[in-house]
There are 4 protein chains.
Amino acid sequence: MTDPGVFDELRAFVAERDWAQFHTPENLAKSISIEAAELLECFQWSADADPARVRDELADVLTYCLLLADKLGLDPEAIVLEKLADTRKKYPADKVKGSSTKYDAYED
Amino acid sequence: MTDPGVFDELRAFVAERDWAQFHTPENLAKSISIEAAELLECFQWSADADPARVRDELADVLTYCLLLADKLGLDPEAIVLEKLADTRKKYPADKVKGSSTKYDAYED
Amino acid sequence: MTDPGVFDELRAFVAERDWAQFHTPENLAKSISIEAAELLECFQWSADADPARVRDELADVLTYCLLLADKLGLDPEAIVLEKLADTRKKYPADKVKGSSTKYDAYED
Amino acid sequence: MTDPGVFDELRAFVAERDWAQFHTPENLAKSISIEAAELLECFQWSADADPARVRDELADVLTYCLLLADKLGLDPEAIVLEKLADTRKKYPADKVKGSSTKYDAYED
């Protein structure tokens, strides 16, 4: 379901630079954590972050997520929807509504 | 460009559970870092990770990224492509080809 | 057991700059994750990291850990030893020896 | 300056389980990020975290920091103090006092 054009662009970008050699799943997973922390840094001392910086860092996290999905032959939107269906079963709305305690449980 | 159906599904899921109250941009940024670390955990002691677990954790990172993008009125695929265009200008293919040193610079 | 001189130095540094106002436990926890990712960045594309950079980033992670411990009235070395005693009971050496599977379990 | 007894205990724990084989600097750096995210999880939806859980997760972050320091022949307290001396020079108290903007700069 994810627009194939995005993957085409990413693949071309990586190929032009000969960077596929660095993109093992493990290195991409490290990169996602590193970029996620740069996104978190926008909120390090205050909840009031600079929107342009947030947009920029979120784009970096997403880029590495798409590169990892492509590497593993996964469709990002499809795996999000599949996980959502699993979570719906596990945490029925009527049991966890508005509860942060149940929400914490959901995180585990 | 991102399929609007994905956002519809995510919004319905959150609304049914009355969880929007927890989804401040700061909390979503924390959540992205937390889920990124669970993805990294698949590779903690070895590069050889369980594909089903990786798929599951990548879905969680993406879910929180989509929730943050939706909160900020951003289209995930559009910001990835915009950032890619910026990076293309900053790191021309002929100057950084195959170089991990230049690649590191790209990370900064 | 941690040398009290280290805490004295850290407290003086923070007080001179009037930075205690930023050091809530939550902000310090975010800071530890952010600095941990900068340490991880030394190993992003290769296991062969620059020792001076690793030392520098590890010092940053430790600094925020000490600031959080001090904030919560905890002795860093004491909590490490207490946790180690708990883990010894949970994962007896004769049951997990050399096993990365059990080691993974230990992470949960 | 760090109490050598802590390192002795950690080394014995690792040796009894034959786990040194997993403790490359890269794996320890990944582990520090993973445990830092578990600490952050205590604050995921609220600033009001459970003290016992925070203590437990902080102990895990510190344990992997000590294991990495030991691996690299570094004294944790010494590198914290050395970094502090560098930062004092870079950010004189009279220039950055009470400023969160300058504080952000300090993070870079």
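Observations, loosely collected:
- Fraction of accessible area attributable to carbon and sulfur, chain B (%, probe 1.4 Å): 51 percent
- Percentage relative contact order, chain D, counting C-alpha pairs under 8 Å, at least six apart: 31 percent
- Axis-nearest residue of B (beta carbon) for the B-onto-D rotation, whole Å: B:Ala37, 2
- Bridging of D:Lys95 to aspartates and glutamates at a Cα separation below 20 Å is possible for C:Glu9, C:Glu16, C:Asp18, D:Asp86, D:Asp104, D:Glu107, D:Asp108, once same-chain residues fewer than 8 apart are set aside.
- Solvent-accessible area lost on pairing A with B (1.4 Å probe, both sides summed) amounts to about 6000 Å².
- Placing a label point 7 Å from Cα along the Cα-to-Cβ axis, B:Asp8 is separated from the same position in the other copies by 2.6, 6.7, 6.8 nm, shortest listed first.
- Average projected area [Cα convex hull, the stretch B:4-74], square nanometres: 5.3 nm²
- Here the Karplus curve 6.51 cos²θ - 1.76 cosθ + 1.60, taken at θ = phi - 60°, turns the phi angles of the stretch D:61-68 into couplings of 4, 4, 4, 5, 5, 5, 4, 5 Hz, with x standing for Gly and Pro.
- Å² of accessible area per residue within chain B, as computed with a 1.4 Å probe and no ligands counted: 42 Å²
- With the label put 7 angstrom out from Cα along the Cα-to-Cβ vector, A:Gly73 ends up 4.2, 4.7, 5.7 nm from the copy partners, going from closest to farthest.
- Take the Cα radius of gyration of the protein assembly as shown and divide it by 2.2 N^0.38 Å, N being the number of residues; the result is 0.97.
- Helical contribution to [θ] at 222 nm, DSSP H n ≥ 4, -39,500 (n - 2.57), averaged over chain B, rounded to 500: -23500 deg cm²/dmol
- Copy-to-copy label distances for D:Lys90, where each label lies 7 Å from Cα along Cα-to-Cβ, are 2.0, 3.5, 4.0 nm in order of increasing length.
- Cβ-placed point charges (K, R +1; D, E -1), dipole of the protein assembly as shown about Cα centre in debye, nearest 20: 0 debye
- For the peptide C:3-16, the mean number of other protein chain Cβ atoms found within 10 angstrom of a residue's Cβ is 3.
- Each residue was assigned an accessible area with a 1.4 Å probe, and for A:Val80 the value is about 0 Å².
- Average beta carbon contacts from partner chains per residue of D:47-55, 10 Å cutoff: 3
The values are calculated or read from the model by the stated rules, or taken from the named source; none is laboratory data. This one's a predicted model, so the numbers in the text were calculated from it and none came from an experiment. Ideal geometry is used to build each Cβ from the backbone, glycine not excepted, and the neighbour counts take in all protein chains shown. Side chains included, ligands, DNA and RNA excluded: accessible areas come from the protein's heavy atoms. Shrake-Rupley method; radii C 1.70, N 1.55, O 1.52, S 1.80 Å.
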